[in-house]
Amino acid sequence: MTPVPPFLTVLQSTARALVDPGKGILAADESFGTLGRRFAAHDIPFTRENRYAYRELLATTPELGDAISGMILFEETLSQPIADGTLLPSALVRHGIIPGVKVDTGTRALPAFPGETTTRGLDNLRARLADYAARGARFTKWRATFAIGDGLPSATAIETNARILALFAATSQEAGLVPIVEPEVLMAGGHTLDRCGHITRGVVQTVFARLDEHRVALDGMLLKTGMILPGEDCGQAVTSTEIAETTLHVLQQVVPANVPGIVFLSGGQNDVDATERLNEICRYDNPPWTLSFSFGRALQDAALQVWAGDAANVVPAQAELLKRARFNALAVQGRYAAGSERVFA
Ligand code: 5MM
């Protein structure tokens with residue numbers, strides 16, 4: 001008989017709270033490399049002071065908890081003090097936002113498989129999780145990436161990453177932290193919508209097979225995945241309806257019904273497209289799981305641009321973040337209308 005994780009009730013209630021209807025997750029877990037590139041695009045010096053200022057801006061946005069259920073942090077942010085002297089995770093809790101943390105340590109080349117990666121971070125994971133939990137984290141996230149190309153992704157890359165995702169998820173549940181399992185099929189390339197659907201189906205199916213083998217409690221985890229989209233160099237014109245129907249069709253084939261929620265990443269779509277497509281996906285009746293968002297760029301890009309590293313811009317930057325969070329909160333209820341963008345402009 002499969003053993004029941006000791007914290008199953010806590011895992012189930014945290015997972016459900018993260019997909020509280022009408023809310024979604026803010027992914028602000030960019031590693032130094034990624035955040036450095038985002039800052040560089042706006043000529044913002046990559047200093048600890050600026051990283052702290054930016055993460056504090058996000059976490060202290062007034063009313064953000066009305067639209068955001070949880071915020072994924074980078075390890076550094078978990079111990080960051082904010083202006084009032086409290087630690088940033090405590091500030092989130094005060095706003096009704098659940099703190100979580102990215103626990104993978106990034107992707108590395110998969111030896112002998114050019115163009116493919118695995119994700120590191122399992123070695124000392126148990127000890128790190130105990131530390132993160134003591135610092136207030138209640139959920140975790142691990143991302144594996146899959147490139148689509150000639151012969152890619154290989155069966156070996158899919159299998160290796162699925163196994164690692166399952167080990168991560170089981171270890172996280174053992175520590176009482178809800179795992180967000182993120183297999184990301186990348187948008188780069190010239191593939192069609194159908195090929196993205198075919199690859200995503202195979203990847204997600206293998207991930208759930210390995211989660212089952214590793215006795216991960218599916219009702220105490222979330223799946224984070226991309227919408228099914230044509231590659232960014234494909235040139236195929238697709239409607240939001242086609243994207244929504246294909247995405248739901250694929251996920252219904254491979255995601256078990258007892259997974260409480262599926263949260264979408266934005267993956268490089270512009271913020272308005274991401275919201276509009278999310279809305280279309282969420283308009284369909286009665287999928288077995290709650291559907292929501294866990295956007296990084298599609299929530300943050302406008303705010304980062306307005307802030308531009310200047311303390312004088314904090315309030316308008318927070319307004320941009322809140323605006324996108326609210327639009328996406330409407331989208332998960334199927335109530336976003338593109339015209340709303342003009343009303344708020
Ligand atoms: C796919 O990336 C995740 C969602 O962000 P987008 O909505 O922008 O696609 C995101 O949580 C990602 O895992 C983090 O930004 C961390 O990425 P790095 O590359 O810094 O590990």
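Some points to look at:
- For the range 94-115, the set of residues classified as of a type in the set (Gly, Ala, Ser), away from the ligand (no atom under 16 Å from the Cβ) and farther than 21 Å from Val263 by Cα consists of Ala112, Gly115, listed by residue number.
- Listed here are the helices (runs of 4 or more DSSP H) enclosed by the range 265-345 that have at least 1 residues being under 21 Å from Arg55 (Cβ atoms): 271-282, 297-307, 314-331.
- Index of the failed condition, Thr247 passing every other in (1) surrounded by fewer than 19 Cβ atoms within 10 Å (Cβ to Cβ); (2) free of Cβ contacts under 8 Å to residues at least 60 places away in the same chain: (1)
- Enumeration of residues in the range 91-112 that are of a type outside the set (S, T, N, Q) and not in a loop (DSSP other than H, G, I, E, B): Ala91, Leu92, Val93, Arg94, Ile98, Pro99, Gly100, Val101, Lys102, Arg108, Ala109
- Of all residues making up the range 26-59, the number that are within 30 Å of Arg283 (Cβ to Cβ) and more than 9 Å from the ligand (Cβ to nearest atom): 2
- Residue satisfying condition, being closer than 21 Å to Ala325 by Cβ, of a type in the set (Gly, Ala, Ser) and away from the ligand (no atom under 16 Å from the Cβ), within set Ala91, Ala83, Ala133, Ala127: Ala91
- Filtered residues of the range 292-345 (kept if under 18 Å from the mean Cα position of the chain (by Cα) and among the aromatic types (Phe, Trp, Tyr)): Phe293, Phe295, Phe327
Every number here is computed from the coordinates shown, using simple stated rules; none is lab data. These figures come from a predicted structure and were not determined experimentally. Neighbour counts run over all protein chains shown; Cβ positions are idealised from the backbone, glycine included.
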